[in-house]
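Student: The structure is given below, and queries will be raised subsequently.
Derivation of every value follows stated rules applied to the coordinates shown; laboratory data play no part. Predicted, not measured: the structure shown is a model, and the values here were computed from it. FYI the Cβ positions are ideal-geometry reconstructions off the backbone, even for glycines, and counts take in every protein chain you see.
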């Protein structure tokens with residue numbers, strides 16, 4: 001129930017709606033019981049099986065309350081009808097219609113207000129989850145499958161909506177209905193009601209046994225659903241590779257295996273849920289059977305109950321079955337929803353390992369240098385960077401080269417704190433970056449990745465990413481990035497949709513939009529992660545020219561595989577197995593005839 005309480009507490013801003021819901025549910029439950037009780041004088045009038053009462057009865061004690069209440073109803077009808085059965089019938093029918101109308105009106109009002117409470121929780125839950133997904137560090141998603149995260153955001157939130165939030169009206173309305181109905185049953189017959197209440201806990205115990213196994217099965221179902229989403233996402237992203245390597249059958253078999261597991265556990269879960277309704281109804285009708293036996297004895301043998309009162313009592317008893325069934329179904333839903341809620345709260349309660357200080361330093365400018373002091377970093381037990389120390393002076397261009405896996409990209413990711421160093425420190429203007437406000441730190445840094453990620457939106461939106469920016473600034477950024485030429489030729493120019501992941505554009509066009517994005521942000525520090533490595537020669541020239549424009553008057557850190565692009569760098573750092581093994585300018589490193597010289601020969605560079 002912990003997860004249920006957490007979901008419920010999300011409704012705190014909407015508590016006025018839950019109070020209104022409770023108020024109208026109380027009225028609904030009262031009028032639900034009264035509408036059944038109103039049938040008793042109707043039966044009395046129709047069958048005329050009791051003496052007419054013209055004197056108001058005295059309510060002597062609790063045990064005789066049922067008989068006194070029946071006599072009081074008889075007195076009200078006969079006082080109005082005055083021996084006219086038609087008048088009595090009209091009065092009883094009008095009373096029944098009015099009571100049932102009020103009962104259903106209050107039921108609607110209760111559901112009306114719970115809708116705002118329920119949907120408010122759902123809205124806030126999605127909002128919190130999305131904010132958390134964005135705020136968690138990149139390292140968190142290296143251990144999670146994207147499909148599983150998407151499944152929690154979509155399927156699990158939907159399951160919470162169907163399981164937890166849909167039962168809010170049930171868990172308030174149905175217990176109240178049962179409570180007031182049982183009071184009405186006590187009014188008619190104290191003995192009979194005590195007899196019934198002995199059998200209800202037995203039914204509840206049997207239903208709870210089945211409910212306990214639901215949570216574990218539901219957990220497996222949610223996990224397999226996330227696996228299906230993950231495989232589907234990987235297939236769509238890697239469709240070209242799958243077809244190119246004729247691996248269709250392998251991925252189909254992989255999907256079928258997961259899909260069959262999902263099919264098996266889904267059937268198991270749904271069949272357990274389906275058992276709730278017939279089982280609770282059977283147990284309920286068993287209680288009714290016992291009632292008929294004991295109640296019939298009170299009517300026919302002991303003469304303690306008249307037939308009209310007994311029939312009304314049976315109507316009330318059967319009326320308890322519907323809310324009891326709803327409550328038993330709700331208990332199943334809570335078990336199922338609990339599994340989904342746990343998966344959602346696992347993300348919501350995850351702690352970021354990139355923590356910000358309590359009162360971080362606000363830094364809006366870069367004035368001197370970036371300093372690496374004895375920086376080490378590892379992924380688990382694997383050492384990636386080992387005791388690095390160097391400086392990047394303001395306005396200088398530093399290039400990182402080395403074989404794949406030497407730690408170049410990891411080093412670049414440490415500066416904007418996508419990851420935190422495990423030992424040592426990185427400083428900007430002699431201030432440890434851990435002490436700087438994260439948003440300020442990242443606003444000082446522009447980033448052009450190897451694979452430019454564009455969103456399924458317009459060219460303009462992909463360039464600005466944030467709030468509205470004057471068009472002249474967007475055009476200026478497009479000119480600097482050499483993207484204005486092809487953008488002007490697009491059907492709707494800057495308002496053209498680039499498609500999913502920029503699928504409507506070429507690799508060079510996507511990269512130039514990515515550069516325009518960095519230009520518009522106008523950061524003093526630029527990180528370029530192999531920004532031309534995946535382009536053809538013609539696109540590379542255009543992008544390289546755009547990068548040169550971008551780096552003017554900026555401090556730049558370039559990660560490059562194509563060594564021809566960094567020969568003019570102020571300093572080249574050669575990395576190998578997480579260490580800097582050589583450093584210097586292009587000409588100096590060639591003279592050393594070391595690692596850099598070998599890399600140049602491999603690329604046949606003159």
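Student: Give me the number: length gained by fully extending residue 576 to residue 274, i.e. 0.36 nm times residue separation minus the C-alpha to C-alpha distance, one decimal in nm. Show your work: numbers first, answer last.
Tutor: Values: separation 302, 0.36 × 302 = 108.72 nm, distance 6.16 nm.
Full extension of this stretch gives 102.6 nm more.
Student: I'd like to compare 129-138, 517-526: which one has the highest average count of other Cβ atoms within 10 Å, and what's the full order after that?
Tutor: Output ranking for 129-138, 517-526: 517-526, 129-138.
Student: Quote the relative contact order of region 369-602 in percent (integer), defining contacts as alpha-carbon pairs under 8 Å separated by 6+ residues.
Tutor: Numbers: 440 pairs, mean separation 62.8, N = 234.
That works out to 27 percent.
Student: Taking just the alpha-carbon atoms of region 110-181, what radius of gyration and Dmax come out, in angstrom?
Tutor: Gyration radius and largest Cα-Cα distance of region 110-181: 16.8, 57 Å.
Student: Sticking with this structure for a sec: Gap in Å between the Cα centre of region 99-138 and the Cα centre of region 1-36?
Tutor: So the separation of the two Cα centres works out to 12 Å.
Student: Next up: So if each residue of separation counts as 0.36 nm, and I subtract the Cα-Cα distance between residue 100 and residue 548, what length gain in nm does that give? Walk me through the numbers before you get to the answer.
Tutor: Working: separation 448, 0.36 × 448 = 161.28 nm, distance 7.95 nm.
My answer for the length gained is 153.3 nm.
Student: Which number do you get for Rg(Cα) / (2.2 N^0.38 Å) in region 369-602? Intermediate results must be reported in sequence, preceding the final value.
Tutor: On the way: Rg = 18.2 Å, N = 234, 2.2 N^0.38 = 17.5 Å.
Its radius of gyration relative to the 2.2 N^0.38 Å reference: 1.04.
Student: Now, a different point. Starting with the highest mean, order 348-359, 429-440, 106-117 by the number of other Cβ atoms within 10 Å, averaged over the residues of each peptide. Could the numbers behind the result be given before it?
Tutor: Working: 348-359: 11.5, 429-440: 15.6, 106-117: 18.3.
Order by mean packing, descending: 106-117, 429-440, 348-359.
Student: Taking the highest mean first, how do the peptides 177-183, 388-394 order by number of other beta carbon atoms within 10 angstrom per residue?
Tutor: Working: 177-183: 18.9, 388-394: 15.7.
Per-residue Cβ counts within 10 Å, averaged per peptide and sorted highest first, yield 177-183, 388-394.
Student: For region 367-472, what are the per-bin percents of Cα-Cα distances with bins 5 Å wide, up to the bin holding the maximum?
Tutor: The distribution over region 367-472 is 2, 9, 18, 20, 18, 13, 10, 6, 3, 0, 0, given as percents.
Student: Give me 581, 448, 149 ranked fewest to most by other Cβ atoms within 10 Å of their Cβ, as a rough exposure proxy. Walk me through the intermediate numbers first.
Tutor: Values: 581 14, 448 24, 149 20.
Listed from fewest to most nearby Cβ atoms, that is 581, 149, 448.
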